[in-house]
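Below is one structure, written out as structure tokens; comments come after it.
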Amino acid sequence: MEGFTVAYHRHFIYVCSLMSKQTDDFFKNVISHAKEYGFVFPSSEIYDGLSAVYDYGQLGVELKNNLKAYWWKAMIQLHENIVGIDASIFMHPSIWKASGHVDGFNDPMIDNKDSKKRYRADQLIEDKIARYETDGKTDKAQQLQVDLDAALNADDLPRLKSIIEEHNIVCPISGTRNWTEVRQFNLMFSTQMGASAEGADTVYLRPETAQGIFVNFLNVQKSGRMKIPFGIAQIGKAFRNEVIARQFIMRMREFEQMELQFFVRPGTELEWYEKWKEVRLKWHLAIGGSPTKYRYHDHVKLAHYANAAVDIEYQFPFGFKEVEGIHSRTDFDLSQHQKYSGKKLQYFDPEINQNYVPYVVETSIGLDRLFLTVFCNSFEEQDLSTEGKQDSRSVLHFHPTLAPVKAAVLPLTKKDGLPDKAREILNRLKMDYNVHYDEKDSIGKRYRRQDAIGTPFCITVDYQSLEDDTVTLRHRDSMEQERVAASELEKIIGELVSWKNLLTAL
Ligand code: GAP
């Protein structure tokens with residue numbers, strides 16, 4: 001356990017040491033804001049944390065659920081030919097042999113003999129590239145990237161070690177260059193299934209949700225009378241024994257994926273791949289981030305089963321990093337499961353009168369990385385100072401449809417019947433979405449609290465409300481207020497937070 005707890009703190013310091021002061025401050029503020037307001041907590045914090053494992057708090061879970069709903073609606077609700085499933089985390093062990101994970105789901109690792117810490121060799125080199133870039137040594141950075149890609153492409157582990165030595169890469173903990181050889185390290189977690197150790201089977205915690213879809217391909221196709229092209233989508237937990245804890249919820253040991261496997265006729269897969277690339281980027285942009293913060297990054301090294309692969313990357317404070325992968329996986333997975341299970345996994349295509357193993361285009365997004373994207377995109381420390389008066393606020397500019405709390409109802413004072421009137425409004429609105437009630441502190445302080453958790457609308461009930469049944473509606477981003485009829489609130493806010501606003505943009 002010692003390794004886990006200490007590693008948590010050390011890595012936070014290490015990650016921060018790689019960033020420039022400005023981005024470093026921004027990212028530190030994102031992490032502390034997420035904790036302070038109940039979005040993300042380190043797991044097992046009272047025991048000093050568990051490295052690369054996090055818990056979502058009361059507002060984090062709401063945001064996460066909304067992000068899942070956005071993906072699910074965009075995939076399943078908007079597509080007649082896509083359906084969802086929820087497969088188990090435990091699966092037959094042979095599945096991971098067939099998929100190639102038992103033999104090939106490895107990372108190149110290197111240990112520092114002085115600190116006894118283990119690192120991913122490629123990530124140590126990537127960090128060096130980032131440092132060269134920060135220092136303006138662009139040529140050096142580019143050459144190192146070329147060398148890294150070549151070594152990874154060739155699975156050349158000794159070359160990775162020599163690159164580390166040539167560039168004087170030191171252990172962030174011990175500061176020494178006393179490295180072991182680079183070795184492959186399997187990322188799957190295993191455990192025993194069965195009551196007794198004897199006769200118990202080794203099972204794995206799934207490292208991706210995709211295989212649960214492949215092994216259910218025929219079940220869904222037959223029971224749902226699906227015709228190719230069609231897709232099966234799934235949201236669920238995945239587990240990887242990542243050796244390095246990095247960048248908050250960016251690289252976790254337990255995380256969530258939202259994956260689509262889209263089954264197509266062989267020969268049409270690259271057309272579908274291009275289409276899904278476009279569709280997925282549009283989905284990201286609809287949330288409201290700047291298009292300049294997103295880019296495609298083609299895979300230099302294709303997995304043996306893929307004939308095309310690209311990442312959608314987002315510009316995090318620590319650089320462009322993968323949020324989603326789009327992969328043309330050929331017929332590899334279904335063919336392997338056919339071979340290992342001895343069961344046919346074929347489709348009869350009535351249009352061409354042929355049986356075949358379908359080809360697959362996959363879109364795979366990490367929910368936690370998406371969460372971090374949305375958080376980084378939305379977080380602002382706004383200077384509101386005017387001449388002679390210092391003022392500021394922390395605000396989360398979430399898209400109203402995704403915001404954890406849609407509206408806050410605030411009686412101006414705690415007396416004279418204002419709380420009753422406010423609660424009456426709250427009770428109506430809470431039938432449709434999450435609404436907060438707050439009567440403590442000055443109205444200004446209460447607005448700031450709601451800004452900090454990204455609530456798009458504040459409804460203030462004042463003395464005029466008792467006379468003419470109107471309230472003020474305050475908009476989070478502009479901070480403008482308008483007077484509206486209380487009876488109209490359900491309609492007004494309902495329209496502003498409707499899923500339609502996001503889904504029609506797709
Ligand atoms: N089925 C394909 C697959 O799993 P991947 O590129 O290994 O592909 C897909 O993972 C997505 O899952 C990534 O784009 C990333 O968003 C997310 N992901 C992968 N490893 C992760 C980790 N350790 N922590 C958080 N998210 C992770």
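Every read-out reported here was derived from the displayed coordinates using simple, explicitly stated rules and does not represent laboratory data. Predicted, not measured: the structure shown is a model, and the values here were computed from it. Here the Cβ is made from the backbone with ideal geometry for all residues, glycine too, and neighbour counts use every protein chain on show.
Starting from the Cα gyration tensor of the stretch 195-260, take the square roots of the eigenvalues, sort them a ≥ b ≥ c, and report rounded, prolate or oblate (rounded when a/c is under 1.5, otherwise prolate if a/b is larger than b/c, else oblate).
Oblate, since a/c reaches 1.5 and b/c is not below a/b.
Quick test of the membrane-span-like rule: which DSSP H helices of the chain reach at least 15 Å along their long axis (C-alpha atoms) with mean Kyte hydropathy at least 0.0?
2-17, 367-378
Report, in deg cm²/dmol and to the nearest 500, the calculated mean residue ellipticity at 222 nm for the chain, where each DSSP H run with n ≥ 4 adds -39500 (n - 2.57) and the sum is divided by the residue count.
-11000 deg cm²/dmol
State, as an integer percentage, the relative contact order of the chain based on alpha-carbon contacts under 8 Å between residues 6 or more apart.
About 13 percent, as a whole number.
Starting from a Cα-only point model with no solvent, please compute log10 I(q)/I(0) by Debye for the stretch 357-506 at q = 0.14, 0.21 1/Å.
Each listed q corresponds, in turn, to -0.73, -1.35.
Would you mind checking the radius of gyration and Dmax of the stretch 301-376 based on alpha-carbon positions, in Å?
Cα-based Rg and Dmax for the stretch 301-376 come out at 17.2, 53 Å.
Amide H to amide H, which residues 5 or more places from Lys117 or on other chains are under 5 Å from it, using H placed in the peptide plane?
Under 5 Å from the amide H of Lys117 lie the amide H atoms of Asn112, each far enough along the sequence or on another chain.
So, by mean Cβ neighbours within 10 angstrom, what's the order for 437-443, 477-483 with the highest one leading?
For the peptides 437-443, 477-483, the packing ranking is 437-443, 477-483.
Using a basic spin-label model with each label point 7 Å from the Cα along Cα→Cβ, how many nm lie between Arg183 and Asn216?
Distance between label points: 3.8 nm.
Using a cut-off of 24 Å between alpha-carbon atoms, which lysines can reach Lys227, once sequence neighbours fewer than 8 places away in the same chain are excluded?
Lys73, Lys275, Lys277, Lys339, Lys343, Lys344
Please compute the modelled spin-label separation between Glu45 and Thr386, points set 7 Å along Cα→Cβ, answer in nm with one decimal.
About 3.6 nm, to one decimal.
For the stretch 307-412, what does the relative contact order come out to in percent, with C-alpha contacts under 8 Å and a separation of six or more?
Reported as a whole number, the value is 19 percent.
Near the amide H of Gly84, under 5 Å away, which other amide H atoms are found, from residues 5 or more places off or on another chain, if H is placed in the peptide plane?
Placed amide hydrogens put Ala233 under 5 Å from Gly84.
Can you figure out the FRET efficiency of Lys137 with Asp416, using R₀ = 56 Å and their beta-carbon distance, to the nearest 0.05?
Computed FRET efficiency for Lys137 and Asp416 comes out at 0.25.
Can you tally the net charge around Val357? Count Lys and Arg as +1, Asp and Glu as -1, for every other residue whose Cβ sits under 14 Å from the Cβ of Val357.
Within the 14 Å Cβ shell, the charges total +1.
Just check the stretch 45-111 against the gyration tensor rule for me: Cα atoms, a ≥ b ≥ c as the square roots of the eigenvalues, rounded for a/c under 1.5, and otherwise prolate or oblate depending on whether a/b exceeds b/c.
It is oblate, given that a/c is not under 1.5 and a/b is not larger than b/c.
Ser487 to Tyr296: FRET efficiency via 1/(1 + (r/R0)^6), r the Cβ-Cβ distance, R0 45 Å, to the nearest 0.05?
The calculated FRET efficiency here is 0.40.
With just the Cα atoms of the stretch 212-318, tell me how far they stretch along each of the three principal axes, in Å, largest first.
Computed over the Cα atoms, the extents are 46, 31, 30 Å.
Arranged by the count of other C-beta atoms within 10 angstrom, fewest first, what order do Tyr47, Tyr433 take?
Tyr47, Tyr433
Report the full-extension gain for the segment Lys343 to Lys28: residue separation times 0.36 nm, less the Cα-Cα distance, to one decimal in nm.
108.2 nm
Between Phe320 and Ala505, what is the label-point separation in nm under the 7 Å Cα-to-beta-carbon projection?
Roughly 2.2 nm, to one decimal.
If we sort 225-232, 79-86 on the protection proxy, mean other Cβ atoms within 10 Å, highest first, what's the order?
225-232, 79-86
Roughly speaking, what % of Cα-Cα pairs in the chain are separated by over 34 Å, rounded to a whole number?
When all Cα pairs of the chain are counted, 46 percent exceed 34 Å.
Just order 67-73, 456-462 by mean Cβ neighbour count inside 10 Å, highest at the front, would you?
456-462, 67-73
Starting from the Kirkwood Rh over alpha-carbon pairs, what translational D in µm² s⁻¹ does the stretch 74-127 have by Stokes-Einstein at 20 °C and 1.002 mPa s?
139
Below 8 Å between Cα atoms, with a sequence gap of 6+, how large is the relative contact order for the stretch 391-487 in percent?
Answer for the stretch 391-487 is 32 percent.
If each residue of separation counts as 0.36 nm, what is the full-extension length gain between Ser478 and Ala150 once their alpha-carbon separation is subtracted?
113.1 nm
Once a ≥ b ≥ c are taken as the square roots of the eigenvalues of the Cα gyration tensor of the stretch 130-244, is the result rounded (a/c under 1.5), prolate (a/b larger than b/c) or oblate (a/b not larger than b/c)?
oblate
Using 0.36 nm times the number of residues separating Asn81 and Thr176, minus their current alpha carbon distance, what extension gain do you get?
28.6 nm
Suppose R0 equals 30 Å. What FRET efficiency, 1/(1 + (r/R0)^6) with r the Cβ-Cβ distance, do Ser190 and Val279 give to the nearest 0.05?
The computed FRET efficiency comes out at 0.25.
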